[in-house]
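Chemist: This structure is in structure tokens; I'll ask about it shortly.
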Amino acid sequence: VGIEPHILVQEEPCSEEARVDKAVKRSVKTFKSGASGSFESVWGASLYDIDDLPYAEGFNGIPDTFTPFRNKVEKNCKIPPPRPIPTKASIALPKNSAVLSVLSGESENYSIENCSLSYMPSLKDLGY
């Protein structure tokens, strides 16, 4: 088995973030021969779904200032109703006994394969 990166990011309408996303996506594809990592982006920069915005070019057509954006969106878009509240079962903790023993503090073995519930990188680890 090996490391297979799975990256999920919030899509942003700025050119700098788009460049970074493109570079990360390229890195995931070329990470390792035979690896099957993935890169997925989701829209989350506004109350409106990107497909509902009244701009033919998607977020590339959004004006640089807020007032023209607001005026057009208020006239042409409707905010959808909120999503339903998740059930407790849908957000339950993992059932894996090894993970549960770490979460409960019963186990001091933090080296569960593919699990980093206790690891927090230091600033030095992050290059600062």
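FYI, it's all coordinate maths here, none of it is from the lab. For clarity, every value in this text was computed on a predicted model and none was experimentally measured. Don't worry about glycine lacking a Cβ; one is built from the backbone with ideal geometry, like all the others, and counts go over all protein chains shown.
Chemist: Given H placed on each backbone N at 1.01 Å, which residues far from E11 in sequence or on other chains put an amide H within less than 5 Å of it?
Modeler: Result for E11 returns V42, W43, G44.
Chemist: Let me ask something additional. Roughly what would the spin-label model give for R83 and S41, points 7 Å off Cα along C-beta, in nm?
Modeler: Taking the simple label geometry, R83 and S41 are separated by 1.9 nm.
Chemist: For F39, which sequence-distant residues (separation of 5 or more, or a different chain) have an amide H within less than 5 Å of its own amide H, given hydrogens modelled in the peptide plane?
Modeler: I7
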